[in-house]
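All remarks here apply to the structure that follows.
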Amino acid sequence: MKQTLLFILLALVGIAPTMGQNALNAKADNIVGTYTGTKNDDRFKARITRQADGTYKAQVFWVENDRDEDGNKILDRKNPDKNLRNTPCDRIVLFSGLQYNEEDQCWDGTKIYDPHRGIRAKMKAWFTKDGRLCIKGTLFGISESVYWQRLP
């Protein structure tokens, strides 16, 4: 009896932190919103929206330093898609087709675009205990995580 009670108590203690951590991860549309982030000392704001097919898309709508030294809008010159290289930096789509993974309580199933490097990497996203959105990109087994803060 004591062993069973101890096992149940340990199981509940082990689950409790996970449940709190995953509260924002428990519903697909919790990812929808406006966020701010930093990449290579560049501050930006992006909006994640739900698409008609139930997937999610993130698009930049503001970049702190959006002009080059001549005062021209910075363009997405490193984009591997030549048709997108004239996209202004404050209009870049960072990902689309993101899907909610109910079993793992995270978002995945697409690639994220890094305009600084001109690469796309497999992505996974989830909320941390402190409410930030962690976005992890993985390419050739090498991963990097960035954290976005939701704006009110």
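Can you give the local net charge around Leu84? Use residues other than it whose beta-carbon is closer than 11 angstrom to its beta-carbon, Lys and Arg +1, Asp and Glu -1.
Overall, the nearby charge balance is +3.
Grab the beta carbon distance between Ala23 and Arg91, set R0 = 30 Å, and tell me the FRET efficiency rounded to 0.05.
Using R0 = 30 Å, I get an efficiency of 0.35.
If one takes the longest principal axis of the Cα atoms in the chain, at what angle in degrees, from 0 to 90 and to the nearest 10, does the Cα axis of helix 2-21 lie?
Compared with the principal axis, the helix lies near 20 degrees.
In a shell of Cβ-Cβ distance under 14 Å around Asn65, excluding Asn65 itself, what net charge do Lys and Arg (+1) and Asp and Glu (-1) give?
Surrounding charge for Asn65 is -3.
Could you tell me which label, among (i) 2, 9, 16, 19, 18, 13, 8, 5, 4, 3, 2, 1, 1, 0, 0, 0; (ii) 2, 10, 20, 23, 20, 13, 7, 3, 1, 0; (iii) 2, 9, 16, 16, 12, 8, 6, 4, 4, 4, 3, 3, 3, 3, 2, 2, 1, 1, 0, 0, 0, carries the value of P(r) over Cα pairs in 5 Å bins from 0, in percent calculated for this structure?
Only one listed value fits the structure, namely (i).
Roughly how many nanometres apart are two label points built 7 Å out from the Cα toward the Cβ at Asp66 and Thr34?
1.3 nm
Express in nm, to one decimal, how much length is gained between Lys129 and Arg150 on full extension, taking 0.36 nm for each residue of separation and deducting their alpha carbon distance.
Roughly 6.2 nm would be gained on extension.
What is the extension gain from Ile74 to Gln59, computed as 0.36 nm multiplied by their sequence separation minus the C-alpha to C-alpha distance, in nm to one decimal?
Using 0.36 nm per residue and subtracting the Cα-Cα distance, I get 3.8 nm.
Values in this text are rule-based calculations from the coordinates and carry no lab data. Bear in mind the structure is a predicted one, so any value in this text is a computation, not a measurement. For neighbour counting, all protein chains shown are included, and Cβ atoms are generated from backbone atoms with ideal geometry for every residue, glycine included.
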